[in-house]
Every structure is written in C-alpha cells, then in structure tokens.
Amino acid sequence: MHDPFILAGKEYQSRLIVGTGKYKDFAETKRAIEASGAEIVTVAVRRVNITDPSKENLLDYIDPGTYTILPNTAGCYTADDAIRTCRLAREAGVGNLVKLEVIGDDKTLFPDIPATLEAAQVLVKEGFVVLPYIHDDPISCKKLEDMGCAAVMPLAAPIGSGLGIRNPYNIQIIREHSSVPVIVDAGVGTASDAAVALEMGCDAVLMNTAIAAADDPILMAEAMKLGIQAGRKAFLAGRMPRKLYATASSPLQGLLE
C-alpha cells in the first residue's frame, strides 16, 4: 500500500521521527534509529555536536545522505536564542528544515507560546521550513499554520513524561482544522501511545525518551515502528462504531432448530 508521509513536499515511508539524546553512546543511537525504521532524525544543536568536525560528531554515525537531519532548538528559552540556533544549523550545512522549540518553564518544559510565534514568524520569512513544538492548543496551532509553518507539533504530555496523550480531544480538534501535517511531539511512553496518535489520524509522531530510556532501547525502537504502522492501518481501515450493547458476531438468520 502506497501511503507516504509528505512533509514539506518530500515523501517518507516512515511516520516515526526519532531523537538522538539520552543514549549511552552514538553507537547505540545508531542502532536504535536503524531499528525504528525512521527516516527523519532530530538533533539538539545546542547539546549534540554536528558543527565541529574536530570533535566526535553525531553525523559520523548518522549519514545525512540516508536520513533527513532535523536540527532542533532544544534548550532555547528566548526567540532570539532559537533563531540564532537555527541560523547556526543552516550555516553548518544541515539545511532549512528545523524543529522550533522555545521553552517557557524549567519544570514542565512547556513551550513559550508568544516566543514560539515570534521566532516562527522570523524563521519563515528567512526561508526556514519550520516545525514548531507547541501546546495542544488549536488556536496557537492555527496561527502557526497561517504564518507559514510546514507542520504543527502539539505535545501529548510534558517532554520525557511518558504519560501518553493526555488531551485527545484537543489533538482531534487540531487535526480536523489543520491543512498541514500534525505531528504529535513529547510525552509518548510506549508503542500503544504511538498507535493511538496514528489511529486518531495524526500524520506522525516524534519521540526520544520513550526509546532511549527503555530497558532495551533497540527492542523498543522496533516496537514503536510496529505501533506506528498498526495505528496508521487502523485509521485507514476505519474502526467499527462504538455500541453500548452487544451485537452477535455470527448472524442469527438460518440457525438450525
């Protein structure tokens, strides 16, 4: 079945986007990415070296010719810092595709909505393809789409919490009103969480901690791949209606006396 995930005009077969933090080393990172089947890999520019060739470089393990590298602005707390980080990534030759994060609170790591909107507006005008991490807020998502962002990335739950989708109703509203891809970002804990997001009709899921913090990250990466695939197939198949009372699995007509 040809059912590509289309992001910024490019087709991908996988609807799973994975991060590169919290692994024990770059070798484990590489193995987990391979097991996940992901084609887009996000990298925190301020935390992982992708710009200095004189030091150990993540890109020595993850081939930009094989994967789409998605630099992100994790660790940025102002619009200016996020904009500067995106410019640095582009100057390093990574490209124009960026995941925008502007954090507003140390404890929850929730995004700063005004700062995110400010940074997104500048970056879009500078030719960046912006994927903003944002609250599960339909209004903010619509504003970001209207200003030219290539997708919206509402959180499922706080970053690294593993709580799964806490507000499916808002995510559903965002999906129904978006004409750009909706990528669930942050809070996924296990494969069933990923499957639920795809069953709801979301276009993709981005995760890091759910894989990296598992007892067996490689096995969990494979589980996430299968969960994404199952959720997407279930969405396309169309689930049966929910009913309050039972319905016999076998027809009643033609029963033998």
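The table for this structure:
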quantity: Spatially near lysine pairs across the chain, Cα under 18 Å, sequence gap of 8 or more or different chains; calculated: 11
quantity: Heavy-atom surface of the chain, accessible at 1.4 Å and reported per residue (Å²); calculated: 50 Å²
quantity: The chain, relative contact order in percent, only Cα pairs under 8 angstrom and at least six apart counted; calculated: 17 percent
quantity: Percentage relative contact order, region 17-102, counting C-alpha pairs under 8 Å, at least six apart; calculated: 27 percent
quantity: Length gained when the stretch Met147-Glu126 is fully extended (0.36 nm per residue, less Cα-Cα span); calculated: 6.3 nm
quantity: Sequence of Arg232, Arg31, Arg15, Arg166 when ordered by accessible area, the most exposed leading, probe 1.4 angstrom; calculated: Arg166, Arg31, Arg232, Arg15
quantity: Sequence-separation-based contact order of region 135-180, relative, with Cα cut under 8 Å and 6+ spacing, percent; calculated: 49 percent
quantity: Distance from region 197-224 to region 154-170 (C-alpha centre basis), Å; calculated: 13 Å
quantity: Leading residue at positive end of dipole, the chain (Cβ point charges), from Ser178, Leu58, Val94; calculated: Ser178
quantity: For a label point 7 Å along the Cα-to-beta-carbon line of Arg47, residues of region 110-137 with backbone N under 14 Å; calculated: 110
quantity: Per-pair calculated FRET efficiency, R0 = 25 Å: Glu56 and Asn96 via Cβ, rounded to 0.05; calculated: 0.45
quantity: Projected label distance in nm at Lys24 and Leu163, using a 7 Å step from Cα toward the beta-carbon; calculated: 3.1 nm
quantity: Percent of C-alpha pairs per 5 Å bin, the chain, short to long; calculated: 1, 6, 13, 17, 19, 17, 11, 5, 3, 2, 2, 1, 1, 1, 0, 0, 0
quantity: Thr247, Thr29, ranked by accessible area, largest first (probe 1.4 Å); calculated: Thr247, Thr29
quantity: Neighbour cut-off at most 16 other Cβ (10 Å), DSSP loop, trypsin sites (Lys or Arg not before Pro), region 73-163; calculated: Lys107
quantity: Expected 222 nm ellipticity per residue - DSSP helices of 4 or more, -39500 (n - 2.57), all of the chain, to 500; calculated: -10500 deg cm²/dmol
quantity: Solvent-accessible surface (1.4 angstrom probe) belonging to Leu236, in square angstrom, nearest 10; calculated: 80 Å²
quantity: Dipole magnitude of region 90-218, debye to nearest 20 (Cβ charges: Lys/Arg +1, Asp/Glu -1, about Cα centre); calculated: 200 debye
quantity: Choice from Leu117, Leu244, Leu16 showing the highest fluctuation, given a GNM over the chain with Cα pairs closer than 10 Å; calculated: Leu244
quantity: Debye-sum result for region 2-79 in log10 I(q)/I(0), which assumes one identical scatterer on each alpha carbon, at q = 0.13, 0.15, 0.26 Å⁻¹; calculated: -0.42, -0.56, -1.32
quantity: Simple Cβ-charge dipole of the chain, Lys/Arg +1 and Asp/Glu -1, about Cα centre, in debye nearest 20; calculated: 320 debye
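The values are calculated or read from the model by the stated rules, or taken from the named source; none is laboratory data. Computed from a predicted structure; not experimentally measured. Note that each Cβ is placed from the backbone with ideal geometry, even for glycine, and that neighbours are counted across all protein chains shown. Just the protein is used for accessible areas: all its heavy atoms, side chains included, with ligands, DNA and RNA removed. Shrake-Rupley method; radii C 1.70, N 1.55, O 1.52, S 1.80 Å.
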